[in-house]
Each structure stands twice: as C-alpha cells, then as structure tokens.
Amino acid sequence: MTSGRRIALICAAIAALAASLPPLAQAAPSGQPEFEISVTSRYNTQQRQPKILRDFFVEHPNVQLKQWDGIRMPAEGARASLAMAMAANIGPDIFETDIRQSVAQGLAYPLTEWIGEDGVLANGKPKLKADGTPDLNGQIDADETNWDGWMKIKPLYRQVVTVDGKAYALPNRSGTYVGILYSKSLIRKAGLDPTHPPRTYEDLIRWARLTYDPKAKTFGLELTPASWAFAPWVATTGSSIVVQDRKSPTTGKVYTFNEQDTDLRAPDTGEDLAGARPVWRCNVASPEATKAVEFYYRLRWQPWIKDPKPASRSS
C-alpha cells in the first residue's frame, strides 16, 4: 500500500466519522455542522498535511482534526493509557493499537455500516450457498462490501483487521521492510564478495566472524534487542511465531497455516478452509522456531576462533 493510499484510508475514516458524529454547537462558515475528530498514534495533526488531506479539508471546512494525548506513561504502559481512556469514553476517534486485543476488550467499534460484513451481500440480503445455508468464510468479499476501497487493500491486511467477519480497523501502512544494512568496503576488506551475500545460516555466521574487527571495534553483525525482531529469524525456517490451526469440516483433519497465510487451502485435498474458524496458538516450541533460537544463540554466545582459511572472492 502506498503512502498516498494510506492517507486516503485516513480520509475515508475521517469522512465516515464526520458523517456519523453529532455536530458541535457552532457551525462552520459554510453553514454545515462542525465536527472535531481526535487522532492519536504516530499521525501528527500539526505537521504539514499531504495534498490529499489538504484537498479534503478545503472541500470540508467543517471538519477539524485534533491531536489526542492521554496520560503520560512509560512505553510498556502506553496501551494501558489508551485502554483506560476508551473505557471512560474519552478516547480518540481514530487510534492505532492491536486491533484484536481491542475487540476482545470491547474497545473497538465495527465498521460494518461503512464496509459491510461476512455473510451479507452489499445489497443487504443474506449471502447463501446453493443449499440455502449461510455462505461464511470469515472475511468480507467483493460482493459483500459496500465500499470500493476495501478490495484495494491487500488480502493479508484485510484478514488482519477483520475479526469474526467484521472489519474493525483500516491498515495504516503497507508493512515493515526487513533487511540487512551492510558496508561493501568492510566486506571487501574481509576478503568477501558483497555481490554474493550469504545464503545459509553457516554462510551468515562465517561472514559475521570474518568481518569482526576487535581492534577497530567493528562488529560483524548487530542484533536488535527486541522481541518482535526475532520474528524474521523464525520466518527464515518457513514458519512463524504464531500459527493458525483450521479444522476441515469434511475430513475433521486439522491443518496448520502460518500467521500471514492467505491461501488457506488444504495442501493434500485442495479444500478451501478460509471459512473454518481458526485457532491461533504460539509456535515457539516448534522444531522450526527451536532451530532459529539455536542459531541466534550461536551468533551471540558460541566461542569461536578466527577462520584459519583465508576467505576468497568467491566465498
């Protein structure tokens, strides 16, 4: 999703709120009711607005954005501040948080009236299968949504913000870019070829040790000390920290899919299990996650000596 589309989604949220919120006592010069919408998270209402929002406010002078700020708390308590404000009905109109946690706590409002819901066609009629039973798959399909912007969102993000067939949020970014920043000069100095990067765990650990220079205090690899930063290591094994189990209504067999899988067909039968209710579980004890932990441990603490074999340009 581009930043323009992200801002467009914010505009959609603002427009929807402006159409549904009760007006303030005063009116804008245009004579329309004036609305004040509070926004939190990393979106700063005081910064220079992108053109798509500037155009929106020109067309809607009765809509004003206000920066919301709750109780100042340490980083680990930031969500608690928002949760307390929402529980007291003094929270922001638009906010960023773990949407599934907010739904479980009753703090999020479903966007059904603007987006639609699973099992109900865009015209308001029930969506039924050929046998007359409800056609449910847990997601909001093209024939169920009444907002044309919904299907422009990537399937994974639609899946993330949809809980039990109802949309509770809009994604505010296209994802996180994961990669390795490196110095070509330092890699060449170690006798390695930067155009042929490591392809395996063993390659990576060898590169890290060869580029380490204790005299210059140049480390071969820097690891981010954060829990979320470990997820990419598990992803290198083909698995994920959180997985979803889906039970086939036909065979009763349970299939496990990665957290971000959107193709939910059984690998042996091809049965589409998108409509099967998922059971989410932690996967850190799996062989794949264990393998990633073992390698991480080696990177951090395994004793080693300088590689006795000089590296070659083909390494």
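The values are calculated or read from the model by the stated rules, or taken from the named source; none is laboratory data. Because the structure is a prediction, the values reported are computed rather than measured. Here the Cβ positions follow ideal geometry from the backbone for every residue, glycine too, while neighbour counts run over all protein chains shown. The area values use the complete protein model at the heavy-atom level, side chains included, leaving out ligands, DNA and RNA. Shrake-Rupley method; radii C 1.70, N 1.55, O 1.52, S 1.80 Å.
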Of the numbered conditions (1) farther than 30 Å from ARG188 by Cα; (2) under 21 Å from the mean Cα position of the chain (by Cα), LYS253 fails exactly one; give the number of that condition. (2)
Evaluate the range 287-297: report whether one residue or more is in contact (Cβ under 8 Å) with a residue 12 or more places away in the chain, open to solvent by less than 40 Å² (accessible area, probe 1.4 Å), over 30 Å from LYS189 (Cβ atoms) and not charged (D, E, K, R). yes
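If you go through the range 209-227, how many residues are in a helix (DSSP H, G or I) and among the hydroxyl-bearing types (Ser, Thr, Tyr)?
Looking only at the range 209-227, we keep the residues that are in a helix (DSSP H, G or I), and these are 209-211, 227.
Imposing the further condition that a residue be among the hydroxyl-bearing types (Ser, Thr, Tyr) reduces the set to 211, 227.
Result for the range 209-227: 2.
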If ASP245 passes every condition in (1) exposed (fewer than 12 other Cβ atoms within 10 Å of the Cβ); (2) within 29 Å of the chain's Cα centre (by Cα); (3) not small (Gly, Ala, Ser) but one, which one does it miss? (1)
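Just give me the residues in the range 130-153 being of a type in the set (A, V, I, L, M) and open to solvent by less than 70 Å² (accessible area, probe 1.4 Å), in sequence order.
At the first step, the residues of the range 130-153 found to be of a type in the set (A, V, I, L, M) are 130, 136, 140, 142, 151, 153.
Matches in the range 130-153: ILE140, ALA142, ILE153.
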So MET151 passes all but one of these: (1) of a type in the set (A, V, I, L, M, F, W, C); (2) farther than 26 Å from SER102 by Cβ; (3) not in a loop (DSSP other than H, G, I, E, B). Which condition number does it fail? (2)
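Every residue, every condition in (1) farther than 25 Å from ASP93 by Cα; (2) within 24 Å of the chain's Cα centre (by Cα), yes or no:
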residue: GLY119; (1), (2): yes, no
residue: ASN146; (1), (2): no, yes
residue: VAL161; (1), (2): no, yes
residue: ALA167; (1), (2): no, yes
residue: ILE180; (1), (2): yes, yes
residue: ARG206; (1), (2): yes, no
residue: PRO214; (1), (2): yes, no
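Yes/no per residue for (1) of a type in the set (Val, Ile, Thr); (2) part of a helix (DSSP H, G or I); (3) within 22 Å of ARG206 (Cβ to Cβ):
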site	(1), (2), (3)
VAL243	yes, no, no
GLY275	no, no, no
ALA285	no, no, no
LYS291	no, yes, yes
Taking the range 213-227 and keeping residues of a type in the set (D, E, K, R) and open to solvent by 60 Å² or more (accessible area, probe 1.4 Å) leaves LYS215, LYS217, GLU222
So, in the range 154-173, how many residues would count as being within 13 Å of ARG100 (Cβ to Cβ) and crowded, with 16+ Cβ neighbours inside 10 Å? 9
Counting only residues that are under 16 Å from ASP148 (Cα atoms) and open to solvent by 60 Å² or more (accessible area, probe 1.4 Å), the range 90-127 contains a total of 3
So which of PHE257, PHE230 is surrounded by 15 or more Cβ atoms within 10 Å (Cβ to Cβ), touching a helix residue (DSSP H, G or I) at 6+ places or on another chain (Cβ under 8 Å) and not in a loop (DSSP other than H, G, I, E, B)? PHE230
Selection from the range 42-82 of residues open to solvent by 40 Å² or more (accessible area, probe 1.4 Å), at pLDDT below 80 and in a helix (DSSP H, G or I) yields LYS51, ILE52, ARG54, ALA75, GLU76, ALA78, ARG79, ALA80
